[in-house]
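Notes follow once the structure below has been shown.
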Amino acid sequence: MDRGQLEAKIAELEQRLEEAGIERQAAVQRAVVARNDEVSQLKATIGAMRDQIEATRAGTGEAVQSAVLKAQDEIKQLRQTIVVLREQMENMRHEKQQAVQEAVARSSDEIAQLKKTVQALRDEMENHRIRHSEESQSMRVASRDENHHLQQMIVALREQMEKANGR
């Protein structure tokens, strides 16, 4: 991969991480809205039950006592329901938090691996550059030695020709 591809991959991973964060925030907000709706409904139910209790008080003592007991039972059940719902919401929050932490850990691991890959590629590029430089230097030395050898041969051949021609 070239540097541009690596930067594009890193940008893509950063985008995915940002999208995961946004999705997590949206999920948390949905859970909060759902919780607030449930609390509002429970408050409305409790308010309605209190109104019912007040209306029942206008009746006879026995009917009032029966209605009060019934309302108290329903309130007790609602409170139990509230406790159960709160526990469920806490469990959901914990599960979401754990899922977010796991996603962040996976992303961190992937980023660390990508950084290692980038460093390995940089090292490999540097090694290629060094080898190329060494090969180029070796070729220059070989070429210079060959030229020197050829010049010596020319001088020797010239001297032989001059001796042969009697000079």
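Annotations
- Calculated from the structure at hand, semi-axes √(5λ) of the Cα gyration tensor in Å is found among [x] 95, 11, 5; [y] 56, 27, 20; [z] 38, 23, 12 as [x].
- Each of ILE46, ILE130 has some number of other Cβ atoms within 10 Å of its Cβ, and from fewest to most they run ILE130, ILE46.
- Between VAL84, VAL141, VAL32, the GNM of the chain built on Cα springs shorter than 10 angstrom shows VAL141 fluctuating the most.
- Charge dipole (debye, nearest 20) of the chain; +1 at Cβ of Lys and Arg, -1 at Cβ of Asp and Glu: 200 debye
- For region 3-118, with +1 on Lys and Arg beta carbons and -1 on Asp and Glu, the positive-most of VAL100, ILE46, THR117 along the dipole: THR117
- Separation of region 4-45 and region 103-129, taken as the distance between their Cα centroids, equals 28 angstrom.
- Gaussian network model of the chain, springs between alpha carbon atoms under 10 Å - residue of GLN97, GLN151, GLN25 with greatest fluctuation: GLN151
- Among ASP123, ASP145, ASP73, the largest mean-square fluctuation in a Gaussian network model of the chain, built with springs joining Cα atoms closer than 10 Å, belongs to ASP145.
Values in this text are rule-based calculations from the coordinates and carry no lab data. Everything numeric in this text was worked out from a predicted model, so none of it was measured. All Cβ positions, even for glycine, are placed from backbone atoms using ideal geometry, and neighbour counts span all protein chains on display.
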